[in-house]
Structure formats: C-alpha cells, structure tokens
Amino acid sequence: MLELILSAIFTLVLLALGYFAGGYHERQHIASLEAREAALRHMVVTQLRSYPGWVPGDAPPRLIVAEAVIGSDFLKTFLASLRYLIGGEVRSFRSLLDRARREATLRVLEEAHAAGYNAICNLRLDSADIGGNAATSGQKGTVMAAILASATAYQAARPTY
Amino acid sequence: MIVTNTETIAGYRIVEVKGLVQGNTVRAKHAGRDIVAGLKNLVGGELKGYTELLTESRRQAMERMLAQAQQLGANAVVNVRYTTSAVTAGAAELYAYGTAVVVQPGP
C-alpha cells in the first residue's frame, strides 16, 4: 500500500515537473521563435524549385541544412498515453513537432542571412529517424521530434505584387 | 563546388552531367547522451546531444558525397537529398545523395 502511495506521489511530482518546467521551456522557446522569426521576416522563403525574384549576386546559390531535436516533457508524454486509449488528436505532440520545424527552418534562415543571402527556395522539412525513437515513429523510449531542414540560399530582389 | 537542392542553379548553366554521387554514415549515440536525453525528456526542451549527432552525421555524409563528386571532375552537385534510417535503437544512418554536374556561368 505504502509503495503504491509512494509511486503515485512520484508520478505526481514528475507531472508537476512536466507542467512547470516543460511549460516554461515551451513558452521560452515559442517566445524566442517569434522574436527570431520577426527579425528575419524580410527574407524570401519558398519551397519552389525555381528561384523566385533571383538577381545576380556576389555568391552562387548554396545548400544550407540545419536540424533541431526537441524533446517532450513528462506531462506531454503522459497526456499522449491517455490519448492512445480514447483516440483523437494528440495536441501535446503537435506543438512539439511544430516547434522542431520552426526551429530547424529558423536555423537555415539564420545561416543564410549570416552568409549574406536574403532568400531561400526549395525548403524541405523531413523528420529524421534517430534510433527508432522519434515521436513520429510512435515507439516508446525517448519521445522527441527530430527535423532536418534543407534549402537553397540565393540573392533575390524584393518581390513586387 | 556549388551545392544546391534545386535541379538548376540560378545564374549557371549545366553543361555536363557526371551522374549520381552519394555519401552515408552510420553513427551511434553514446550512452551518456541517452541518459541526458532521458532526463531532458522529463522537463522538455531541446535535446542538444541529438541535434549535434545529426549535424555531425550530415557533415560527414556530405563530405563523402563531395569527395565522390570531386573524383568525377564535377564542379557542382544539384538536387541534393537527405534521408535517415534507424539501423537499431542505438544507431542511425544519414544518407546524402545528389547529381554531380559541370556548370558554367551563364543563362
């Protein structure tokens, strides 16, 4: 009986840790994403295979790749395990994947910007399978969203519409 | 060496196609990283160890691909793609492939 109570307390502590620490990390991350996205809003971002608005620049177009692995927290994983029982949208993992994609895209954009480019095209976002434990593979273990983003950076004139 | 993931390169003309080039690497995450990731999994946040693992793997696969392209006498690789596959729970493969070409400045 005591063991049961102890394990229940332990789970509650972990849930609280997930709620407070996980929530804190998520809010911090989203705030950071929004600030960095706002700073790079002038960049032309497309997933077209052509080069919209291309103008001759100093450097030839260049492939830029970046990756981001965002881990789940105990609360998210717990909520998802409840969701597996009744089915439906697993909202806690949706935000996880969303954050990983935005982070990977931003890293590509930041590298492109630092190298003097102002546009990227053919942006590709793939989920990277590292060790068969990715959130996307639906297996137990470390729950994470691993995203690999690649794009070609080039110089573009401001598009006019 | 110009590398892009598009089929064409703006400002350049493809004059010769040398063929497919590829590079891969299988890397394992060491136990320390797994433990840190396991703890990080309670509180959320970026798993930096795994991000680094992916970055290292991608650079290595890319280097191998570019070495092949160089050997073929190409000066550019176009339409580069990446795929990953998990070999076992502890190791993952990163595979980069593209088409080696010779390009010249021009329309």
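Bear in mind these aren't lab numbers, they're just calculated from the coordinates by the rules spelled out. The model shown is predicted, which means the values in this text are computed figures rather than measured ones. Positions of Cβ are generated from backbone atoms using ideal geometry, with glycine treated the same way; all protein chains shown enter the neighbour counts.
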Per-residue average of other protein chain Cβ atoms inside 10 Å, peptide A:57-65 -> 6
Once you order the gyration tensor axes a ≥ b ≥ c over the Cα atoms, which shape class does the range A:2-154 get: rounded for a/c under 1.5, otherwise prolate or oblate by comparing a/b with b/c? prolate
Where in chain A is the longest stretch that carries no trypsin sites (Lys or Arg not before Pro) classed as loop by DSSP and with at most 16 other Cβ atoms within 10 Å? A:50-139
Quick one: Karplus J couplings for the range B:54-64, per residue in order, coefficients 6.51, -1.76, 1.60, θ = phi - 60°, nearest Hz, x for Gly and Pro? 5, 4, 4, 4, 5, 5, 5, 4, 5, 4, 5
GNM result for chain A, Cα springs below 10 Å: residue of A:98, A:129, A:58 fluctuating most strongly: A:58
Spelling out what I want: for every residue of the range B:78-87, take phi, set θ = phi - 60°, compute 6.51 cos²θ - 1.76 cosθ + 1.60 (Karplus), and round to whole Hz; glycine and proline get x. 10, 6, 6, 10, 10, 9, 10, 9, 8, 7
So what's the convex hull volume per residue for the Cα atoms of the protein assembly as shown, in Å³? 138
Listed by chain and number, the residues whose amide H is under 5 Å from that of residue B:45, excluding neighbours fewer than 5 places away on the same chain and using placed H, are A:71
Note down the net charge around residue B:82, summing +1 for each Lys or Arg and -1 for each Asp or Glu among other residues with Cβ under 9 Å from its Cβ. +2
Going residue by residue through the range A:69-76, the Karplus relation 6.51 cos²θ - 1.76 cosθ + 1.60 with θ = phi - 60° gives ³J(HN,Hα) values, rounded to whole Hz and with x marking Gly or Pro, of 10, 10, x, 7, 10, 4, 5, 4
Running a GNM on chain B with Cα contacts under 10 Å, which residue among B:72, B:39, B:54 ends up with the highest mean-square fluctuation? B:39
Please give me, ordered by residue number, the GluC sites (Glu not before Pro) of the range A:58-111 that lie in loop per DSSP and have at most 12 other Cβ atoms within 10 Å. A:89
How many Lys pairs in the protein assembly as shown lie less than 23 angstrom apart by Cα atoms, where the lysines are 8 or more positions apart or on different chains? 9
Computed, not fitted: 222 nm per-residue ellipticity of chain B from DSSP H runs ≥ 4 (each -39500 (n - 2.57)), nearest 500, equal to -12000 deg cm²/dmol
Amide H neighbours of residue A:128 under 5 Å, at least 5 residues apart or on other chains, H built in the peptide plane: list them. A:146, A:147, A:148
For A:74-83, mean number of other protein chain Cβ atoms within 10 Å: 1
Give or take rounding to whole Å, what are the principal axis extents of the alpha carbon atoms in chain B, in descending order? 54, 24, 16
